[in-house]
Structure formats: C-alpha cells, structure tokens
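One structure below.
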Amino acid sequence: MIKIEYETQRLSLRFFLLMLVLFFLQTAFGLLIAAQQVDPTLLAGILNFNVARAEHTNLAVFWVLSGFIATILFAGPLLSKRELAAPWLIKFLFYALIAVVIWNIFTQALAEEGIAGWWMGQPMLQEGLEYLEAGRIADIVILIGFAILCYVVLRTFPPLSQWNEIHWGLGLGVLALTLVWVFGLFFVQRLDLQEYFRWYVVHYWVEGVWEVIHISLVGFLLVLMFKADVKAVGYAVFWGISLVWLSGLLGNAHHYFWIGTPEFWQFWGSLFSALEPLPLIFCFWHIYLDAHQDGKPVANMPAFSFLLGSVVLEQVGAGILGFTMTFALTNVWSHGTWITASHAHLALFGTFGMLGLAAAYYVIPVMRGIESFDQRAGKLAFWLVFTGMLGMAFAFAIGGTIQVFVYRTLGLDWFGGDVRPAMQFTKILVPVFGAIFAVGVCLLVFDLLTLGYRRNPISNVPVGFAKLATSGNRWGRWL
C-alpha cells in the first residue's frame, strides 16, 4: 500500500465520498422508476416517471464525473511529481458540483409544469433534452467547473517534453471534456439539428472523451496496483486512445440514422460503430496480462474486481451490445426499445462507474492510512452489483426483444395496451434484479464510508478518528 506523497492528493477524498452519496441516490431513483414500470400509478402526479427517470440519468452522469475528478486529482501529483496547482480552485469545484447537483434535482420538477425558464431565447432553468436536462444556468456553471479541472491538470503536469502517454491521455481528455460541452450551450429550434448537436455532446463525451480518460486512468491504476511497466502500459494507452478516436469520431453517425439526416450516414455510422469494440478488447487483454505478470496474489481484491469488472462490462455492454445494435439494418428494429436501455446500463455503469469504484477502493485506504483491511464486504458488494446489473441488462434485452416483435413485427399500437401483458414478466424482473443491485450498493457505500472507522479483524485494532486525520487538514477528514 503506497503512502500519501503529496498533501493535495487529499483533496480527492471528498470527491470520492460525494461520488458514493450520489451513487446511492441514483440507485434509489432507479428502484423507483423500476417500480413505476410495474405500477404506472405509483406517485403519479407527485413524482412522475419522466422526471424520476431524468433524475436517475443525471445523477448517473454526476457521480461518474465525481469519480473521474477524484481519480484525476489523486493521480495528478504522482504523474507530475509535485503538488496540485491552485488547490483553492479544487475546493471551489467541489462546492460548485454540489450546487449543480442540488439545482438540477429541483429544477427537473419544473418539467411536470412545463416550465423551462425561457429568457433571451434560451431555456435557463430546464431544457428537457435527454442527458442534457440541466438549464442554461447550470450549463454555464458546469462549463466553468470543467475549465477549472482542465486548468488544474494542465498547470500541474510537467512541460510537454516530459509527458508520457498517460499524461497525453488525461491532458487531452480534460481539454476535450471542456470543449465538447460547448455544443450543448445553445438552443436550436429545428429538432433534427438540435439532436445533431445533442449527440455531439452525449456521444463524444461517452465514446470519445470519457473513453480516453477511462483508458488513461485504467493504465495508471495498473501501474499503481501491479507495478506494471509504464512504457508497456503507455503503449496500450496510446493505441487504445488512437482506436477510440479513429472509430468513435465517425461512429457518432449511428445517432444520425432516424433524425432526418442524409442516408449516407447509415453506411458510415454502421462501419465505424463496428470498429468501436476494438480498443475495448485491447484494454481488457492488457489488464489480464498486467494482473498476471508477477504471479503474486492480488493485494487489494475489491479494487481489482471493480477494475476488471469495468472492462468486462465495457466489452459486453459497450462492445458486443453496442456492436450489434448500431448497424442501421438492426438499429431500425431496436431503436427506441429496451434494448437501448440494456446497452446503456452495462456501458455507463460498467465502464465508467466501476472505474470510479475501483479507484475508491484503492485510494480511500491510502487516504486513511490503512495498511490492510477486511475485504470481504467489498468482494461481496462487487458480486451483488455485478449480478444485479447483468440481471437488469438481461431483463431489458428480453423486454426490448418483445417490443420489437409486438411493435415492429406485429405492427400493434406503440402506445396501446397490447405490449404491457407481453412485457409484464420482464418489468417485474427489473426491480427484482434492481433490489439485488441496491443491496450491493448499500453494502459498498457503507464499507467505503466507514473504512478505517470500524474494528479491523485483520489487526483487531480499532482505528480512531484522530489517527486518520493525521494531515491536520480538514479536507482529509470525514465528510
């Protein structure tokens, strides 16, 4: 277990803890909308399904971003051999993130009243675009937050001549994270053009920018956890990022199939979308090689489990499911069905969420000065969330297949009552597996929040608060 080398690394701890709180809230909203699928009258008129679903989706984005920021802040000083630049800006970023989350939760309720807060031709309070529901005021605060992260990372990193592939990956990642967001900062009246730019943000974030940050952080964690060779990992990071951008930039066209854009996008979108699983295979294979290079047992099994789970679900959810559903000839059947939800849950949680949880299981014990800890709760939590997520994805996939048959083969009414009896079994499966997932989340959040505050059965010595807060800095203490 490494020690804290730079005091500003402790700034990452609160972002990890915030990530866990937001993850818990997002899971709660997920259980609610799963129950509303079974009984549509549940909380109708109080917290409608469309609003609860928007909260669920937005909280997913926020807790994943919080995990990314936390891991980058922990990695930055180690990559740069110096303290983080402008720590006061990082503290401001933490409170700004909380403010945006609270603002976003409360302004989503305006959707039920049809209030967007139009002013100067822009929806200031709530704009209702999927994944980008936040209004323009929150958008500007988010842009400032990304700019702060970008500034801190680039100021902390050494001169360009000293950058390795991980520096380049994170540097380009945080810069693109900021720039791509600009495409979501304006309103276009034409729906097809608005969707065109919306997918600039959503797709280039997830299948471009986030993937670049993900591959870079996976490589960095491999170096820390297994003392893997930096040059070998850098080689994998370079080719992973290259393949992500070579396939992902034009692969965005699979979002252009049915929004009124030219037909040639169907060929190019299908072709480059088919290439997108390649870097995911590369990432998975490299983790396997690095984890087995020394033949020693894994010291931190929860961290490794979530790291490996990240690339496994990335391969299955983003790779295989994404590969099969984004050809134009198959997408014409699956588009707008639960098959998309199956892909989205495995890809978003599996790829990016599990990475943040892996980093948390590695970093939090380091922050709290724990040499060894009881890993049973972490390993059990992993299998619960892994099983729960696979079960939900299976239920979504089967439900989507039923939708394809009822709507597109039999040609029955999309909004009629024909599909509900056919899908009812899968609609029950979702909250069942969601409950398994939620138990894992509760166990995981409890384990990480209280790590070091409970009696350690390995050493049988209780860890006190005073011992944990050795830095004298309240940012290293309990949230």
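The values are calculated or read from the model by the stated rules, or taken from the named source; none is laboratory data. Because the structure is predicted, anything quoted here is derived from the model rather than measured. A quick note on method: Cβ atoms are made from the backbone with ideal geometry, for glycine too, and the neighbour counts reach across all protein chains shown. Remember, those area values only see protein heavy atoms, side chains included, never the ligands or the DNA or RNA. Shrake-Rupley method; radii C 1.70, N 1.55, O 1.52, S 1.80 Å.
Just so you know, in the stretch 325-356 the residues that are within 19 Å of Val206 (Cα to Cα) and β-branched (Val, Ile, Thr) include one that is surrounded by the most Cβ atoms within 10 Å (Cβ to Cβ), and it is Thr351. Among the residues in the stretch 307-316, are any in contact with a Pro (Cβ under 9 Å, 6 or more places away or on another chain), closer than 17 Å to Phe437 by Cβ and crowded, with 21+ Cβ neighbours inside 10 Å? No, the stretch 307-316 has no match at all. Restricting the stretch 246-256 to residues that are open to solvent by less than 10 Å² (accessible area, probe 1.4 Å) and of a type outside the set (Ser, Thr, Tyr), the residue that is farthest from Leu191 (Cα to Cα) is Gly248.
Filter the stretch 145-173 down to residues that are among the β-branched types (Val, Ile, Thr) and modelled with pLDDT of 95 or more and give me whichever is farthest from Glu83 (Cα to Cα). Here the residue is Ile148. If you go through the stretch 79-93 and keep only what is surrounded by fewer than 17 Cβ atoms within 10 Å (Cβ to Cβ) and under 17 Å from Met367 (Cβ atoms), you end up with Glu83, Lys91.
Would you point out the residue of the stretch 365-387, among those that are of a type in the set (Val, Ile, Thr) and farther than 17 Å from Val298 by Cβ, that is most open to solvent (accessible area, probe 1.4 Å)?
So the residue we want is Thr387.
Checking the stretch 140-152 against the condition returns a match, with at least one residue being within 30 Å of Asp229 (Cβ to Cβ), open to solvent by less than 10 Å² (accessible area, probe 1.4 Å) and not in a strand (DSSP E or B).
Among residues of the stretch 100-111 being in contact with a helix residue (DSSP H, G or I) (Cβ under 6 Å, 6 or more places away or on another chain) and of a type outside the set (A, V, I, L, M, F, W, C), the one that is surrounded by the fewest Cβ atoms within 10 Å (Cβ to Cβ) is Asn104.
Per-residue answers, yes or no, for (1) out of contact with any His (no Cβ under 6 Å at 6 or more places or on another chain); (2) within 23 Å of Asp192 (Cα to Cα); (3) not in a loop (DSSP other than H, G, I, E, B):
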residue	(1), (2), (3)
Gly251	yes, yes, yes
Gln266	yes, yes, yes
Pro279	yes, no, yes
Ala299	yes, no, no
Ala303	yes, no, yes
Val311	yes, no, yes
Ile320	yes, no, yes
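Return the residues of the stretch 153-169 that are open to solvent by less than 50 Å² (accessible area, probe 1.4 Å) and part of a helix (DSSP H, G or I); say none if nothing qualifies. Val153, Thr156, Ile166, His167, Gly169, listed by residue number.
Can you confirm whether the stretch 339-356 contains a residue that is of a type in the set (Val, Ile, Thr), more than 14 Å from Leu390 (Cα to Cα), over 16 Å from the mean Cα position of the chain (by Cα) and not in a helix (DSSP H, G or I)? Taking every residue of the stretch 339-356 in turn, none turns out to be of a type in the set (Val, Ile, Thr), more than 14 Å from Leu390 (Cα to Cα), over 16 Å from the mean Cα position of the chain (by Cα) and not in a helix (DSSP H, G or I). Among residues of the stretch 127-140 being under 20 Å from the mean Cα position of the chain (by Cα) and over 18 Å from Leu191 (Cβ atoms), the one that is modelled with the lowest pLDDT is Ala134.
Checked against the criterion of being in contact with a Phe, Trp or Tyr (Cβ under 7 Å, 6 or more places away or on another chain), in contact (Cβ under 8 Å) with a residue 60 or more places away in the chain, of a type in the set (Asp, Glu) and open to solvent by 10 Å² or more (accessible area, probe 1.4 Å), the stretch 190-201 contains not a single residue that satisfies it. Could we say that Pro279 is modelled with pLDDT under 80 and not hydrophobic (A, V, I, L, M, F, W, C) here? Answer is yes for this residue. Note on the stretch 388-429: residues that are open to solvent by 60 Å² or more (accessible area, probe 1.4 Å), of a type in the set (A, V, I, L, M) and assigned to a helix (DSSP H, G or I) amount to 3.
Counting only residues that are surrounded by 15 or more Cβ atoms within 10 Å (Cβ to Cβ) and farther than 17 Å from Ala393 by Cα, which one in the stretch 33-42 is farthest from the chain's Cα centre (by Cα)? Top of the filtered list is Leu42. Just one residue in the set Leu222, Leu243 is of a type outside the set (D, E, K, R) and either touching a Lys or Arg at 6+ places or on another chain (Cβ under 9 Å) or open to solvent by less than 40 Å² (accessible area, probe 1.4 Å) (or both); that residue is Leu222.
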